Structures are given as C-alpha cells and as structure tokens.
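Below is one structure, written out as structure tokens; comments come after it.
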Amino acid sequence: MAYENETLRWPTNLDHAAIVGRLVAIRESARASGFAELASQLAEVEGMTAAHIGSCVIAAMTLVQERPEHRSIATQLEMIAMNLKNL
C-alpha cells in the first residue's frame, strides 16, 4: 500500500467506497503477512454498516498500535479513521 503523498495533516477525503476498498487492501495485506487477528477483524467489511466499520477501524488500530512491524498498516488505519465521518 503506497500512498506517499498523504499525510494526517492534509488527509485525503475518502468516501464510503474508498474506505471499504482500503480496508479490504489492509485485510489482504494482513493475511499475506500472517497477521491473522487483524485479517479476521476486517472479515466481511464489504457488507458492514457504517457503525460497524467505525468500531472495526478503532479495534484494528488498537491491534496494530504496539506492533512497529505493521506501521504502514497503522498509518492507513489512521487515514481511514480521519474519514469515518464520511461513512
């Protein structure tokens, strides 16, 4: 996942479809890296309600906050969290 022009100071404005798309990409990245707990947290995100997506994003951020090897995932989750109001 490369979004090198994004920063939390100047976040990208994501709509519902973009948020779900990024969460799917995070889920697949987590699966590929063996981070099964995060992958299962984001299972079936495509069919979740906005409220459920929001709670899953917060739970996922909690999972990765103390894992420096998953910093790129944490950054993406932070960007998504900034856009939860758009769900």
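Just so it is clear, none of the values below were taken in a lab; they were calculated from the coordinates. Model, not experiment: these values are computed from the prediction. Neighbour counts are summed over all protein chains in view; Cβ atoms, including those assigned to glycine, are modelled from backbone coordinates with ideal geometry.
For region 33-87, which residues satisfy the criterion of being of a type in the set (D, E, K, R) and either without any contact (Cβ under 8 Å) to a residue 40 or more places away in the chain or farther than 21 Å from residue 16 by Cα (or both)?
37, 44, 46, 66, 67, 69, 71, 85
Which of the helices (runs of 4 or more DSSP H) contained wholly in region 23-87 include at least 3 residues that are under 20 Å from residue 13 (Cβ atoms)?
In region 23-87, the matching helices (runs of 4 or more DSSP H) lie at 50-64, 71-82.
Identify the residue in region 12-31 that is of a type in the set (S, T, N, Q) and under 14 Å from residue 84 (Cβ atoms) and, among all such residues, is surrounded by the fewest Cβ atoms within 10 Å (Cβ to Cβ).
13
Sort through 75, 49 and tell me the only one that's surrounded by fewer than 11 Cβ atoms within 10 Å (Cβ to Cβ) and of a type in the set (S, T, N, Q).
Going through 75, 49 in turn, just one is surrounded by fewer than 11 Cβ atoms within 10 Å (Cβ to Cβ) and of a type in the set (S, T, N, Q): 49.
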